[in-house]
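To keep things clear, I will list the structure first and then write my remarks on it.
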Amino acid sequence: MGDEHAALGHQLIDLPEAAVEAMQKVGIDIAKPKILTTEVVQASDYVITMGCGDACPIFPGKKYLDWALEDPAGKGVDSVRPIRDEIKTRIEALIAEIDAQQEAGTP
């Protein structure tokens, strides 16, 4: 795969149908994971991984967050919704943290 990384991990995977469906219900299409090139990752301030830990490439100067989440594989949509909602909660908290840091003038 060279210098490309899937937005949902370091390699392309088949996503659980229930995860795709749960995300579509809130207007997010993850049916075809986006490929992140090395350049895109290097241009980012934050890199959020979900369970790949040390397997994902590390670029100096980036803030890395590895969010341990329940694996949606083999689960139905009703079981995947809480996982989706946890991701949303974490994203909202991260945005609030970044906004507060910017308002305070700290990186």
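A quick yes/no check of all residues on (1) open to solvent by 60 Å² or more (accessible area, probe 1.4 Å); (2) modelled with pLDDT under 80; (3) more than 17 Å from ASP14 (Cα to Cα); (4) assigned to a loop (DSSP other than H, G, I, E, B):
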{"residue": "GLY27", "(1), (2), (3), (4)": "yes, no, yes, yes"}
{"residue": "ALA31", "(1), (2), (3), (4)": "no, no, no, yes"}
{"residue": "PRO60", "(1), (2), (3), (4)": "yes, no, yes, yes"}
{"residue": "LEU65", "(1), (2), (3), (4)": "no, no, yes, no"}
{"residue": "ALA68", "(1), (2), (3), (4)": "yes, no, yes, yes"}
{"residue": "GLY74", "(1), (2), (3), (4)": "yes, no, no, yes"}
Across segment 40-85, the tally of residues that are in contact with a Pro (Cβ under 9 Å, 6 or more places away or on another chain) and on the phi > 0 side of the Ramachandran plot stands at 1
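Sort out which residues of segment 35-57 are in a loop (DSSP other than H, G, I, E, B) and surrounded by 10 or more Cβ atoms within 10 Å (Cβ to Cβ), and write them in order of number.
To start, the set of residues in segment 35-57 that are in a loop (DSSP other than H, G, I, E, B) comprises 43-45, 50-52, 56-57.
Of everything in segment 35-57, those that are in a loop (DSSP other than H, G, I, E, B) and surrounded by 10 or more Cβ atoms within 10 Å (Cβ to Cβ) turn out to be ALA43, SER44, MET50, GLY51, CYS52, CYS56, PRO57.
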Checking the conditions here, which among ILE98, ILE83, ILE87, ILE91 is touching a residue at least 60 places away in the same chain (Cβ under 8 Å), of a type outside the set (Phe, Trp, Tyr) and closer than 25 Å to ASP45 by Cα?
ILE83
For segment 89-107, check the following and say yes or no: at least one residue is open to solvent by 60 Å² or more (accessible area, probe 1.4 Å), under 15 Å from the mean Cα position of the chain (by Cα), acidic (Asp, Glu) and at pLDDT 90 or above.
yes
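The values are calculated or read from the model by the stated rules, or taken from the named source; none is laboratory data. Remember, it's a predicted structure, so these values are computed and weren't measured experimentally. Glycine also receives a Cβ, built like all others from the backbone with ideal geometry; neighbour counts cover every protein chain displayed. Please note that ligands, DNA and RNA were not included when accessible areas were found on the heavy atoms of the full protein model with its side chains. Shrake-Rupley method; radii C 1.70, N 1.55, O 1.52, S 1.80 Å.
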